[in-house]
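Enquirer: One structure follows; several queries about it will come next.
The values are calculated or read from the model by the stated rules, or taken from the named source; none is laboratory data. The shown structure was predicted, so the numbers you read here are calculated from the model rather than taken from an experiment. Neighbour counts run over all protein chains shown; Cβ positions are idealised from the backbone, glycine included.
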């Protein structure tokens with residue numbers, strides 16, 4: 001059974017700092033891994049999707065990496081801003097439909 | 001823009017009174033999912049449809065049912081809501097292949 005862990009559960013940083021969020025998973029037989037952002041009381045917004053054959057994906061100030069062999073993914077946020085404050089979840093897709101496992105998320109607070 | 005739309009955003013229902021949540025999509029994705037998310041927890045998969053094929057998770061209570069009358073719409077029926085069913089309900093879609101999930105904005109259910 002796939003297990004996904006996100007550490008830390010909460011993170012507080014000053015504005016402008018570069019930061020890394022971590023996601024680890026136990027079963028390396030994955031299709032892809034997806035990072036989401038969730039604002040309080042809202043749905044999940046997709047940030048980055050990394051295919052199992054890829055090592056990283058970039059979108060603006062965000063960079064996600066994937067190391068299947070070690071069961072790890074990181075989300076790097078450059079030059080953090082208060083608007084980045086949210087909960088970030090990673091989801092591991094084990095098949096191409098139907099079976100995915102989410103982490104509990106890391107709640108990020110960026111202080112002005 | 002193509003999207004996943006959930007209605008209503010907020011739903012208050014009485015203990016034991018049936019309630020229906022709806023989800024529609026303009027993405028023409030063949031897989032639709034219903035997730036339950038409680039505070040500070042990972043989304044929990046209730047069931048999903050692969051086209052018309054219904055897939056129920058083993059630990060989804062019988063109190064929860066779903067209908068997918070066509071590709072675009074999917075409904076979540078809670079037959080007799082209890083206080084423990086208060087949560088955010090998230091609808092997501094995907095298409096077969098390595099394309100990841102698209103989520104709606106969620107419905108916050110309150111049971112009084």
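Enquirer: Give me the pairs, please: first residue somewhere in region B:50-62 and within 12 Å of chain A (Cβ to nearest Cβ) and on the phi < 0 side of the Ramachandran plot, second residue anywhere and in a loop (DSSP other than H, G, I, E, B) and at pLDDT 90 or above, beta-carbon distance under 8 Å, and either six or more positions apart or on two chains.
Expert: B:50/B:30; B:54/B:68
Enquirer: If you don't mind, there's one more thing I want to ask. If we scan region A:66-82, do we find a residue that is at the interface with another protein chain (Cβ under 10 Å from one of its Cβ atoms), surrounded by 14 or more Cβ atoms within 10 Å (Cβ to Cβ) and part of a loop (DSSP other than H, G, I, E, B)?
Expert: Taking every residue of region A:66-82 in turn, none turns out to be at the interface with another protein chain (Cβ under 10 Å from one of its Cβ atoms), surrounded by 14 or more Cβ atoms within 10 Å (Cβ to Cβ) and part of a loop (DSSP other than H, G, I, E, B).
Enquirer: Mind checking which residues of region A:83-98 are touching a residue at least 40 places away in the same chain (Cβ under 8 Å), outside any strand (DSSP E or B) and surrounded by 13 or more Cβ atoms within 10 Å (Cβ to Cβ)?
Expert: The initial filter retains those residues of region A:83-98 that are touching a residue at least 40 places away in the same chain (Cβ under 8 Å), namely A:86-96.
Okay, now just the ones that are also outside any strand (DSSP E or B), so A:94-96.
A:94, A:96 - these are the residues of region A:83-98 that are touching a residue at least 40 places away in the same chain (Cβ under 8 Å), outside any strand (DSSP E or B) and surrounded by 13 or more Cβ atoms within 10 Å (Cβ to Cβ).
Enquirer: Filter region A:18-32 for residues that are within 13 Å of chain B (Cβ to nearest Cβ) and modelled with pLDDT of 95 or more; which is farthest from residue B:4 (Cα to Cα)?
Expert: Taking region A:18-32 and keeping what is within 13 Å of chain B (Cβ to nearest Cβ), we get A:23, A:25, A:30-32.
Applying the additional criterion that residues be modelled with pLDDT of 95 or more yields A:23, A:25.
Values: A:23: 26, A:25: 28 Å.
It comes out as A:25.
Enquirer: Can you find a residue that is touching a helix residue (DSSP H, G or I) at 6+ places or on another chain (Cβ under 7 Å), surrounded by 20 or more Cβ atoms within 10 Å (Cβ to Cβ) and within 14 Å of chain A (Cβ to nearest Cβ) anywhere in region B:99-111?
Expert: yes
Enquirer: Right, something else. Among the residues of region A:41-60, what is the count of those that are free of Cβ contacts under 8 Å to residues at least 24 places away in the same chain, within 10 Å of chain B (Cβ to nearest Cβ) and closer than 22 Å to residue A:85 by Cβ?
Expert: Number of matching residues: 5.
One line per residue, one yes/no per condition, for (1) assigned to a strand (DSSP E or B); (2) more than 12 Å from every other protein chain (Cβ to nearest Cβ); (3) touching a strand residue (DSSP E or B) at 6+ places or on another chain (Cβ under 7 Å):
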site: B:29; (1), (2), (3): no, no, yes
site: B:42; (1), (2), (3): no, no, yes
site: B:77; (1), (2), (3): yes, yes, yes
site: B:81; (1), (2), (3): no, yes, yes
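Enquirer: Would you be able to tell me the number of residues in region B:83-112 that are in a loop (DSSP other than H, G, I, E, B) and farther than 26 Å from residue A:32 by Cα? Lay out the reasoning, then the answer.
Expert: Filtering region B:83-112 down to residues in a loop (DSSP other than H, G, I, E, B) leaves B:86, B:95-101, B:104-106, B:112.
Cutting the leftovers down to farther than 26 Å from residue A:32 by Cα gives us B:86, B:112.
Residues meeting the conditions: 2.
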